Structures are given as C-alpha cells and as structure tokens.
Amino acid sequence: MIAEKEHIAGKETPSPGGNVLVIRNLFKSFGNNHVLADFNLEIQKGESVVVLGKSGSGKSVLIKCIIGLLEPDKGSIEMFGKNIPDLDEQELDEIRAKVGFLFQSNALYDSMTIRENLEFPLRRHWIEVSQDEVNTMVMEALEDVGLEHTVDMMPAELSGGMRKRIALARTLILKPEIILYDEPTTGLDPMTAKGIIELIVEIQKKYNTTSLVISHDMNCVRMASDRVVILVDGRCYASGTFDSLLKNPDPNVKQFFE
Amino acid sequence: MKVKLFLTEAGELSRFTGRFFKQWFRPRYEIAELMRQCYVIGYNSLPLVGLTAFIMGLVLTMQLRPSMVDYGVESQLPAIVGIAIIREIGPVITALIFAGKIGSSIGAELGSMKVTEQIDAMEVSGTNPFKYLVVTRVLAATLMLPVLVLLGDAISLYGSWLGVNIRSTTSFSLFWTQVIDNLSFSDVLPAFIKSYFFGFAVGIIGCYKGYTSSKGTEGVGRSANSAVVVSSVVIFVIDLLAVQVADALGLN
C-alpha cells in the first residue's frame, strides 16, 4: 500500500507530453479465472514502464487487451485519447499503426524473407511510399538492430537472439510512438538477453518512444524501467522506481526482488 | 460424451463457415494473395493429381476388361470406363488426394501460425487475418479443385486408352468417340458441380482446424491430421447427398 502512494505522487507532476495510455478499472476473466481485476495504469509520453508479475498473473493478457487482440470484460483503455474496446476495425488499425508490439515468440512470418517480413506492416497499413523509400526504411530498421546482412535470409536461418532483433526491427519500421514488449528476454541466454535489453533502451532514447515492457526478468526490469508496476491478483499492487521498490518491505513486493 | 463433442465441433465449424460467408465479399479484397494461393493450391497439386488419375484410369480399365470379355461386350470398355471416371472416380479420387495434400498443409500452416502468434502479428499489422489467410485459401481451394478434376479426368481417360491398348488395338480417336458418345450432359454437370463443394469442404475444414489450433506443436500435428480425416469423410457425405439431389432433379 505504501508503494501505491508513490505512484500517486508520480501522477502529480505530469510530464509535458501528457498521458499516452490510460487504463481504468480493467477487468478480464476466463471462466472463473479472474485474470485482471480492477487494473489501473497511466503511462506518460516518453516513459518506460515495466509490468512485473509472476507467470500466469495476466501480464500478457494485459497487453493483448491494450492492442485490441483480446476484449476486456469491463473498463477503459485509452490510447492517444481513444478508448480501444469501442473502436471499429478501421479505427483500431489507425491506432495500431502508431503502436509497436514485440511478441514473446517473435511471430516472424516463416514463409517470408526478412525483407518481406519488414515490408508487411508498411504495405498493410496503406502507407503510401515508393519502392525506394520502402528499401531505405527496411535497411534503416535493420541497421538499428545491427543485422543489415540478413535482409534476404529466411527467419528459420537465424538464431533466437537474431530473430528477436528482427522482430524488433519489424516493430520499428513504422516508427511507433509506443512499443509494447511481451517478455522480450524469455528463452534467451543471459548474454543475448542483456544485448536485447540494451537495444530496447537505446531505441527508446533514439526515437523517444514510450515503452511498456512485460517481464519477470529482473535484469530487464532494472535496466529498462523508469517505473515498475507490480501486478498481483489482477491489479496494480505497487508502483515506483526500481530502487524504491527494492527497499519496499511488503512481502508481496519483496518476493520479486529476492 | 463423444456425441456432445461431435455436436460442439459441428456447431463451431458451422459458425466458422458463417463467418467466411459474412466476410468473403466485403472489402478489402486480397486479390494478390488469392492468386498466390490458387497457384500454390491448384498448380502445385497438378503433378500428384495427374499421376493418381493416370494410374486409376489404367488400372480400372485392366481390372474391368476380363468381366467385359466374359460378357462379350469388350467393345463397350471405353464407354463404361468413361462413365465411371467422369461421374464418380475422377471427382472423388481427385478430391481425396486434394484433401490429403492441401487439407493437411493448410491445417499445419495455419496451426503453426496460430501457435507462434503469427496470426496475432498480422492483426496488429493492419491485416484482417481471417480474410488474408482463411478467405483466400477457401476460395482458392473451391475454384481450383474443379479445374484439377477436369484435368484429372482427361489424364485418366488417356491412361484408360493405354490400358485398352495393352491387350488389343484401338485408335485414340475411336476410343475418344466411344467415350464422348456415351456421355450425356447429366453425367458431366453434377460431377462438375459437386467438385466445387468438395473443394470448399477441404478448404474450410483445413482452415478451421488450423485456425482453431490449441497451443503447442502437438496441436499443430493434430490439426493437420484431423483436417485430412474430417474432410475425407465430408467428401463422401457430400458425394452421398449429391447423388440424391441429382436423382431428385432427374439428372441421373
């Protein structure tokens, strides 16, 4: 409870950018399993928030609700001033063009080359660009992740860490204002994971994007977060900087830092 | 319990089919992807369909020959084989081969896309995955199977002509004239129309099984397998219904 006060204190000094994402009273359940119960969260422009929670605590459900892949039972998710659950398909696509989503399993299209993978979101969002511009954008995005040489390879030819980087490049190609990361370091060895986290931080600085990271990897939480939100029993249990939560004596908070 | 499971599955499949009909004529039209699928589903199946059709025509002719000779109607061999191939064997064998090749590949492809979140990724990338993946594949399967059946029939008849010529000599033009003379409109049309339904069944069942794959790689295998089993059974059920409908319409 002490930690929640810290969160409220944070709200009193909004950044000039204002809130990009506001989640209020979000409920989502699957049968009798109440995954999210009265979840609240606000993210300001340029902020990097990490949602920390145990496996199965509803972290992935949360960001799938945010991007509109799952429909919440109750509550509002306002992104860029629009309530996601109320939008029709076309409006949702307009919002999605401004939001990047890095999938836990990378979700690269197996049947397409890296170039086609990166071109896919550009072509599908009705963005009018010439072939030359597309090529430049593809190469720029690949340069950002340091994998220009893989452009004509297939996803199956790449290692796990490289696939994660390519997935990040595909997210970056639309220059999103906010990027949602679903457990970006899961399944990677510690060294590769560290590289990915550094890349996330670097990209955030370079493009001044807002990030929401879902993770239970403490390294990732420490390095990538301006603010950490702890998800327990489907709600925002505590919130604050990594260091302040580290000192928090509450056993529900402490269990993550031991 | 099994009955309940069957009914649930049938209900879900019906709802999936309803979704297809609700979405297929609405923009945005995925023409480029439809063309690509027609190539993958139709053109790439041709060698397999051609080979099986050729063998069926040849074997059927050789198997029928002794009985025809016994009855003294050897000269009617092209006619009887032609009718058997055009009316029944051509469409059903082609559809079963098609179910084995295309049903399983659609089931496995969509299944693996589902479990590795590729379908979600498409949705996030401004694409309606149902239209892009399901509608294009089902339409391609529906449009391509009748074409494959026609080509398969022709190849099968060629095989049959070779079969006739193993023991006796018949010119191709005589063989062809005998086949065509004995075929009527009511032999060709119902067989052609039912192959559209076969194609649709293979497409929609493959897509349904893949699209609703449960988590994990085991689910992908199961989707591919049950796509083939269910669509093969459904092909026979449609065949059974088609013959009744054709009979009722006086086309038999």
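Count the net charge of all other residues whose Cβ sits under 13 Å from the Cβ of residue B:144, scoring Lys and Arg as +1 and Asp and Glu as -1.
Values: positive: B:36, B:101, B:137; negative: none.
Once all neighbours under 13 Å are counted, the net charge is +3.
I need the calculated FRET efficiency for the pair residue A:222 and residue A:54, taking r as the beta carbon distance and R₀ as 25 Å, to the nearest 0.05.
On the way: r = 18 Å, r/R0 = 0.71.
That gives a FRET efficiency of 0.90.
What is the average number of partner chain Cβ atoms found within 10 Å of a Cβ in A:97-105?
Details: counts 3, 0, 1, 1, 6, 1, 6, 2, 6.
That works out to 3 on average.
For region B:30-248, what does the relative contact order come out to in percent, with C-alpha contacts under 8 Å and a separation of six or more? Please report the intermediate quantities before stating the final value.
Working: 312 pairs, mean separation 78.4, N = 219.
About 36 percent, as a whole number.
If I model a spin label as a point 7 Å beyond the Cα along the Cα-Cβ vector, how far apart are those points for residue B:165 and residue A:82 in nm?
Reported label-point gap for residue B:165 and residue A:82 is 6.7 nm.
How many partner chain Cβ atoms sit within 10 Å of a residue's Cβ in peptide B:111-122, on average, as a whole number?
Details: counts 0, 1, 4, 0, 1, 8, 10, 9, 2, 9, 15, 5.
Going residue by residue through B:111-122 and averaging, the value is 5.
Hydropathy at least -0.5 by Kyte-Doolittle, axial extent at least 24 angstrom from the Cα trace: which helices of chain A, defined as entire DSSP H runs, fit?
Length and hydropathy pass: A:190-207.
In what order do A:223, B:56 fall by count of nearby beta-carbon atoms within 10 Å, going from fewest to most? Walk me through the numbers before you get to the answer.
Numbers: A:223 16, B:56 22.
So the ranking, lowest neighbour count to highest, is A:223, B:56.
Against the 2.2 N^0.38 Å scaling, with N counting residues, where does chain A land? I'd like the Cα-based Rg ratio to two decimal places.
On the way: Rg = 18.2 Å, N = 258, 2.2 N^0.38 = 18.1 Å.
In units of the 2.2 N^0.38 Å rule of thumb, it is 1.00.
I'd like the per residue volume of the convex hull spanned by the Cα atoms of region A:110-175, given in cubic angstrom.
Cα convex hull per residue, to the nearest whole number: 75 Å³.
Within 10 Å of each Cβ in peptide B:128-138, how many partner chain Cβ atoms are there on average? Round it to a whole number, please.
On the way: counts 3, 0, 0, 0, 1, 0, 0, 0, 0, 0, 0.
Taking all residues of B:128-138 together, the mean is 0.
Calculate for chain B the 222 nm mean residue ellipticity that helices alone would give, adding -39,500 (n - 2.57) per DSSP H run of length 4 or more and normalising by residue count, nearest 500 deg cm²/dmol.
Values: 11 runs with 195 residues, N = 252.
Computed ellipticity for chain B at 222 nm equals -26000 deg cm²/dmol.
Pick out, in residue order, every one of the trypsin sites (Lys or Arg not before Pro) in region B:181-252 that is DSSP loop and has at most 14 other C-beta atoms within 10 Å; say none if there are none. Walk me through the numbers before you get to the answer.
On the way: sites: B:194, B:209, B:215, B:222; in loops: B:215.
Of the trypsin sites (Lys or Arg not before Pro), the ones in loops of region B:181-252 whose Cβ has at most 14 other Cβ atoms within 10 Å are B:215.
Per the Kirkwood treatment, what hydrodynamic radius in Å, one decimal, follows for region B:57-122 from the mean inverse distance over all distinct Cα pairs?
Working: mean 1/r = 0.0669 Å⁻¹.
Radius from the Kirkwood sum: 14.9 Å.
Read-outs: derived from the displayed coordinates by stated rules, not from any lab. No experiment lies behind these values; they were computed from the predicted model shown. Please note: Cβ atoms are built from the backbone with ideal geometry, for glycine as well, and neighbour counts cover all protein chains shown.
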